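Undergrad: Below: one structure in structure tokens.
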Amino acid sequence: MSTGVVVAIVLAAVLVGIAAGYWLPPHGRRVRRERPRPVRRILLPFTGEAISRRAFEASVRLAKAEGATVMPAFLARVPMDLPPDAALPVQCEKGMPLLEAIEQRLSAQGIAVDSRVARGRSYRDALRHLLEQEHFDRIIVSVPEDSRSGLTHDDLLWLIDRVPAEIMLLRPARDDTRRISAVGVGGHF
Amino acid sequence: VVESKRGHLRVFLGMAAGVGKTYAMLLEGHAAAKAGRDVVIGLLETHGREDTARLADRLPMIPRRRVKYRDTELEEMDLPAILARAPELCLIDELAHTNAPGVEHAKRFEDVEDVLEAGIDVLSTLNVQHLESLNDRIVELTGVRVRETIPDAVLGKADEVVLIDVTPNALLDRLRAGKVYPPERIESALNNFFKIENLDALREVALREVAEEVGAKRLTTPEVTGTREETLAADAPQAVGERLLALVEPYPGSQRLVRRAWRSAQRLGGELDLLWVRPPSRRLTGDEERSLSAVRELASVLGADLLIEESDDVAATVAEVAERRGTTYILMGRARPARGLARLRTPLPQELMELLPRVDVRIVADRARRAAEQP
């Protein structure tokens, strides 16, 4: 066998090795490309320091059944004295730990999560901004016990009237007042 | 050697009215007068407080001048009279005050600048909510916006800032005892601005402001070229404010990293920058566009800066940005597994530690993922 043929074989082997190294994932398993499927997006908006366990569990059940992504969204209200794009560190002190707690719980159950933060002059305004920018297949709203805090009953009517998505309004259960709050954050967050 | 003739400015900073700024300023004036200095009061606002007025009685005061504005006569500090009197030390209350139209300057801090330029030392007072950069934050904290603000640079240029601090409870006691406002204003004050949560927040802002001021002064100390002791002092560790840089990418997991970085910045009292090093030829998919937009919104709500730099060399770009921004911490998520020839490269954290030996690099654990992996 001539030297040229040997060199050619070696070069070919090297090229095959490089190509295999590029295409194969690190642990030698070939990843099966999943068929694209319609991604369902479930919005779970919240305003305060806690959300009802009932709303959270509904989002988990639906996400599991439909293979959907849950999108917890923290709605912040910008005081009229501040510019509309003002930073809101004080509200974030409450909202971010809760967002983290929700994400951790959803991820722990193997559910895809993609969080959002939206702000507006009112909670409804914040929600409107969010809905203008993105599409959601379902919206799960926990109806507040006290209509003066969070999304009001008027806001919920507005949501039903204006938003072309399936909307689930969940009343707090009488016998189950458990909530998901920032207390549930794991780790040092 | 030419000696600077500019006067020295000392500002008594407080969280709210009634903490004792003016009183402290007057005590300082008395001490200077007792030490033989020529001290006058240029402008004093006693707000009807008897103790303050009594203390001011024993120092010479330059009378206010009357300024006619429309159909009203207003009283303002008499800047020309102060300059003509040329004391060694002048006490000028309420640095953030807005002057009536028709006098030399629109704002009192500009009057003070003239006084300092004339070589006169000045003692003045300021509440923290009057600082321009803190105004929005304080509106969010307290729901009250003050109209009279001054640029932060004014405080930055002060030779000394003295924090007059009392606990919120002590201030409320003082308010209830009628030592801050006359009786008819007490209830309204208690129901509005003087709430314990407002005062707690303002106190924290004031303490932080003075701490940052001290840090900034140390950082801008001129280079020392002198004795060995002076050189050693210059080499002493600086009380540097922390600045964090979180490396993000347009995918959902980045938001978790941003939130953790923000919490760390909050704990350290530092600033937060976010950086995405975008490969020049990279075109974003729809999902990536949405993720980037979500990170941008999150950054904006949190008050962080999102920087996007185009480059193929991530480590070099991060190092360059970190140098430029004065970063002290870099936070990054767990890298996705490398493929192909990229496996031969030095991992990014290691590259950064070599390029930035003075910057801490922290890899943020994905606790949610770990929880998911646990049985």
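The values are calculated or read from the model by the stated rules, or taken from the named source; none is laboratory data. These numbers come from a predicted model, not from an experiment. Counting neighbours? That spans all protein chains shown, and the Cβs are built from the backbone with ideal geometry, glycine included. Quick note on the areas: whole protein, heavy atoms, side chains included, nothing else; ligands and nucleic acids left out. Shrake-Rupley method; radii C 1.70, N 1.55, O 1.52, S 1.80 Å.
Undergrad: What are the residues in the range B:349-370 that are at pLDDT 85 or above and of a type in the set (Asp, Glu), if any?
TA: B:Glu351, B:Glu354, B:Asp360
Undergrad: Continuing with the same structure: Just a yes or no: is a residue in the range B:146-162 within 23 Å of B:Ala53 (Cα to Cα) and touching a residue at least 12 places away in the same chain (Cβ under 8 Å)?
TA: yes
Undergrad: Go through the range B:50-102 and count every residue that is β-branched (Val, Ile, Thr), in a loop (DSSP other than H, G, I, E, B) and open to solvent by 70 Å² or more (accessible area, probe 1.4 Å).
TA: 0
Undergrad: Taking the conditions exactly as written (of a type in the set (D, E, K, R), modelled with pLDDT of 90 or more and in contact with a Phe, Trp or Tyr (Cβ under 9 Å, 6 or more places away or on another chain)), does B:Glu242 satisfy them or not?
TA: So B:Glu242 fails the test.
Undergrad: I've got another one for you. Do we have A:Ser115 as within 17 Å of A:Ile51 (Cβ to Cβ), within 17 Å of the chain's Cα centre (by Cα), modelled with pLDDT of 90 or more and not hydrophobic (A, V, I, L, M, F, W, C) here?
TA: yes
Undergrad: More than 9 Å from every other protein chain (Cβ to nearest Cβ), hydroxyl-bearing (Ser, Thr, Tyr), closer than 25 Å to B:Glu351 by Cα and open to solvent by 40 Å² or more (accessible area, probe 1.4 Å): is that true of B:Ser281 in this structure?
TA: Answer is yes for this residue.
Undergrad: Please determine, by comparing only the residues of the range B:308-341 that are over 26 Å from the mean Cα position of the chain (by Cα) and open to solvent by less than 30 Å² (accessible area, probe 1.4 Å), which one is nearest to the other protein chains (Cβ to nearest Cβ).
TA: B:Gly340
Undergrad: Going by what's in this entry, would B:Arg267 be described as basic (Lys, Arg), more than 12 Å from chain A (Cβ to nearest Cβ) and out of contact with any helix residue (DSSP H, G or I) (no Cβ under 8 Å at 6 or more places or on another chain)?
TA: Numbers: basic (Lys, Arg): yes; more than 12 Å from chain A (Cβ to nearest Cβ): no; out of contact with any helix residue (DSSP H, G or I) (no Cβ under 8 Å at 6 or more places or on another chain): yes.
No: the conditions fail for B:Arg267.
Undergrad: Hey, another quick one. Out of (1) surrounded by fewer than 15 Cβ atoms within 10 Å (Cβ to Cβ); (2) within 14 Å of chain A (Cβ to nearest Cβ); (3) free of Cβ contacts under 8 Å to residues at least 24 places away in the same chain, the odd one out for B:Asp305 is which?
TA: Among (1) surrounded by fewer than 15 Cβ atoms within 10 Å (Cβ to Cβ); (2) within 14 Å of chain A (Cβ to nearest Cβ); (3) free of Cβ contacts under 8 Å to residues at least 24 places away in the same chain, B:Asp305 violates only (3).
Undergrad: Counting residues that are within 14 Å of chain A (Cβ to nearest Cβ), open to solvent by 40 Å² or more (accessible area, probe 1.4 Å) and on the phi < 0 side of the Ramachandran plot, which helices (runs of 4 or more DSSP H) fully inside the range B:106-176 reach at least 2?
TA: The qualifying helices (runs of 4 or more DSSP H) are B:132-142.
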